[in-house]
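Down below is the structure, laid out as structure tokens.
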Amino acid sequence: MKHILSLALILSALLVGCRQTENLPEKEIAAVCFPEAPVEILTNGAVGMDVINYFNILQRPEGGYRLYFAGFKESVNGPDFDHQDLHYAESEDGFHYTYKGKIMDGIVEQSVFLTGEKDKPYGLVGRVYEKGRLNMFLWKSEDGIAFGDKTLLLIKWHDTQNVMVPRNGKLTLYTRTWADNWTNRKNAVAEYTPDGERLTEITPLAGDFLYNAAPCPVDERHDLLFPTYFNNKYPAGSTDTCYFKCFVADGVYTREIPSNLNHWMEPDEKWMLAAPGFVSIGGERYLAYNTRNVSHDALYVKGMESRYKLIKAVVQYESAPKEALSVQRIWDQGYSAFPSIVRYKDALYVSFREGESHIFDENGIAAGKTRILRSTDDGKHWKSVALLSKEGYDLRDPKLSITADGRLMVIQGGSVYVDKQLVKRIPQVSFSADGRSFSDPEPVDYPIPGGFAWFWRMTWHEGTGYTVNYGEADENLLELLKTTDGKHFEKITDIRLDGFPNETTVRFLPDGRMAMLVRREREDRLAYLGVSEAPFTQWTFRPLRFQIGGPEMAVLPDGSLIVGGRAYFENGEPRTCLWKGNAEGDFEVWKILPSGGDNSYPGILVEDGELKVVYYSSHELTRPDGRPRAGIYLANLHYL
């Protein structure tokens, strides 16, 4: 599989860099390289099994090495994946292993780890059948062979190799979550006490990983991940093209880094899985991995070959670390939500709705106002410059933009409620020529049959402003509109999509095409990405692999896209998420920002290799009666 790594110059640089001494771990990890060919240490034939599966190697506290692995013995019907057994082999030097025997029946997707405890230094995490389903458990052991009573960790469906990483007196679980289809499988993390009590929610890792995160701790904060991909797609009929990627993980935040591991794959190695935890042999780091001579679709056929291998790994560090992510709360008055951000006249501006709750106050009145903040020191300190309101209206989703004639514009949803029933929604606009004094909100000039419209976000391009309107009369209809002054609008075209399309952001690609990101709330609820050439009347839409709320989209200088919005992960728990992708619709989770409860609806500003992302969240603030309250947050991060 040497053909997979096509960038020969990168490979050459990595191989040369492998001969250098590793730098200090407080610097940022830049790459992982593998300077020497791997060494085969065990095969399924050597232990007399059809298949050897998930495994890991531990350096024993009492000396020597122990290899724990799942194995399938021959049976009348062939290997039974859900009833494999846990076996072990031992070695004095780390390279030559002797099979010792079976430890446990009927455990799947397991790994053994060192707990750091004196009385029970070995831990085991894996899944077994109980009451007709696979549940995840934690075991402890004095000798790493006899594992006694177990502690239930999870009863939901989780798969791929489950791994515990002890760190700072806690256990970090790496697993993969399931929902109802392939598109909702995500590698994820959660923290536990040493006794198996869950401390945090199961949070998906930022990174659209397929199989086996294979976390390998490198220092007190970072793990390296080596997930398995094939064709970078979910397996709607997988192929023989399989390869590794490498990521650095710090909590739930990850970034991809270069690695030349695929260079050492042989042509007949069609499926590979890395094992968790680097193995230290003679003062060197080694990565262990499993290869097979059949593709994913034929993993458990008789006659296949499984091989365990070790390969030397060198972690390289950048000479000067940089801060990858910083987050600060910039406003926490009232219940603040639905922000946007723009730079205007050398200052940053953030707008958002301020009220007593998501919609109604304690008297059942919806009277949201638009707060506008200004910062002259690049976001360190903020001052309120405006609080816009309109009698009888709930102003929502205020979005900032800069008009063709240089004014700062705020477009807002204007909702009117009677006895908590929505009776009309008329978009409102306000303007400022100096960023300090804003006009009162006034309705847009556009026909609104039935009294329901929402112009959700404005984008200006070559003297014209563009927005998308959605209403109530026809739930599958969007209207692409344009304006030259921000007040008077005319229709460009109707766009029909199924699944109740609504909140929509339009942006322009470097080649002049318009891109449209659409939220959908019915049927499969997947977000849609559309692209059109001028005059923007003919559109091609692609479904994305995720659901989104409050969609935002930013175009980077190279034409790639950053998408932000509310993501729905396991148990429907929402998070503020950023995806990185392209106009062809290929996206991966990139960052999951600190968030929870009622949250998200980000605004993104792209500047000189950095992103400023403003969003709201209710994961920290509470009201006097204990109910959650939302504040406004600003995240700064590098995208290069």
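Side notes on the structure shown:
- Residues located in the stretch 483-507, provided they are open to solvent by 30 Å² or more (accessible area, probe 1.4 Å) and either within 25 Å of residue 556 (Cβ to Cβ) or outside any loop (DSSP other than H, G, I, E, B) (or both): 488, 490, 491, 492, 494, 496, 507
- Restricting 305, 256, 269 to those that are open to solvent by 40 Å² or more (accessible area, probe 1.4 Å) and either at pLDDT 90 or above or closer than 20 Å to residue 33 by Cβ (or both) reduces the list to 256.
- Within the stretch 253-296, tally of residues that are part of a loop (DSSP other than H, G, I, E, B) and farther than 30 Å from residue 63 by Cα: 12
- Among the residues listed as 391, 362, 354, the single one being without any contact (Cβ under 8 Å) to a residue 40 or more places away in the chain and under 18 Å from residue 617 (Cα atoms): 354
Let's see how each residue does on (1) touching a Pro at 6+ places or on another chain (Cβ under 8 Å); (2) open to solvent by less than 10 Å² (accessible area, probe 1.4 Å); (3) modelled with pLDDT of 95 or more; (4) not charged (D, E, K, R):
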site	(1), (2), (3), (4)
535	no, no, yes, yes
539	no, no, yes, yes
557	yes, no, no, yes
568	yes, no, no, yes
585	yes, no, no, yes
616	yes, yes, yes, yes
620	no, no, no, no
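- The stretch 79-98 - residue that is under 18 Å from residue 309 (Cα atoms) and acidic (Asp, Glu) and, of those, most open to solvent (accessible area, probe 1.4 Å): 92
- The set of residues in the stretch 570-583 that are part of a strand (DSSP E or B) and either among the basic types (Lys, Arg) or open to solvent by 30 Å² or more (accessible area, probe 1.4 Å) (or both) comprises 575, 580.
- Any strands (runs of 3 or more DSSP E) falling wholly within the stretch 144-214 and containing at least 2 residues that are on the phi < 0 side of the Ramachandran plot and at pLDDT below 90: 158-167, 170-177, 186-192
- Only listed residue being closer than 30 Å to residue 443 by Cβ, open to solvent by less than 60 Å² (accessible area, probe 1.4 Å) and not aromatic (Phe, Trp, Tyr), chosen from 548, 562: 548
- Residues of the stretch 30-49 classified as at pLDDT 85 or above, farther than 23 Å from residue 92 by Cβ and not in a loop (DSSP other than H, G, I, E, B), total: 3
- When the residues of the stretch 591-607 are filtered to those that are in a strand (DSSP E or B) and open to solvent by 30 Å² or more (accessible area, probe 1.4 Å), the one that is farthest from residue 554 (Cα to Cα) is 607.
- Residue in the stretch 411-420 that is under 19 Å from residue 435 (Cβ atoms), open to solvent by 60 Å² or more (accessible area, probe 1.4 Å) and either assigned to a loop (DSSP other than H, G, I, E, B) or at pLDDT 95 or above (or both) present: no
- Matching residues, the stretch 99-120, being in contact with a helix residue (DSSP H, G or I) (Cβ under 9 Å, 6 or more places away or on another chain), open to solvent by 10 Å² or more (accessible area, probe 1.4 Å) and either of a type in the set (A, V, I, L, M, F, W, C) or modelled with pLDDT of 95 or more (or both): 99
- Taking the criterion of being part of a strand (DSSP E or B) and open to solvent by less than 30 Å² (accessible area, probe 1.4 Å), the residues of the stretch 396-410 that qualify are 396, 397, 398, 399, 400, 401, 408, 409, 410.
- Only listed residue being at pLDDT 95 or above and in contact with a strand residue (DSSP E or B) (Cβ under 8 Å, 6 or more places away or on another chain), chosen from 592, 632: 632
- Any chance residue 527 is among the small types (Gly, Ala, Ser) and not in a strand (DSSP E or B): no
- Residues of the stretch 220-246 that turn out to be modelled with pLDDT under 85 and of a type outside the set (Ser, Thr, Tyr), as a count: 11
- Once the stretch 50-81 is narrowed to residues that are assigned to a loop (DSSP other than H, G, I, E, B) and of a type in the set (Gly, Ala, Ser), the residue that is modelled with the highest pLDDT is 64.
- Number of residues in the stretch 508-524 that are farther than 16 Å from residue 461 by Cβ and part of a loop (DSSP other than H, G, I, E, B) equals 4.
- Among residues of the stretch 162-177 that are more than 12 Å from residue 205 (Cβ to Cβ), those with a beta-carbon under 8 Å from a residue that is among the hydroxyl-bearing types (Ser, Thr, Tyr) and outside any strand (DSSP E or B) at least six positions away or on a different chain give the pairs 166/115; 170/193; 171/193.
- Filter result for residue 499 (under 30 Å from the mean Cα position of the chain (by Cα) and on the phi > 0 side of the Ramachandran plot): yes
- Within the stretch 27-56, tally of residues that are out of contact with any His (no Cβ under 8 Å at 6 or more places or on another chain), of a type in the set (Val, Ile, Thr) and open to solvent by 10 Å² or more (accessible area, probe 1.4 Å): 2
The values are calculated or read from the model by the stated rules, or taken from the named source; none is laboratory data. Quick caveat, the model's predicted, so the values are computed rather than measured. Here Cβ is always computed from backbone atoms with ideal geometry, including for glycine, and neighbour counts include all displayed protein chains. Calculation scope for accessible area: heavy atoms of the full protein, side chains included, ligands and nucleic acids excluded. Shrake-Rupley method; radii C 1.70, N 1.55, O 1.52, S 1.80 Å.
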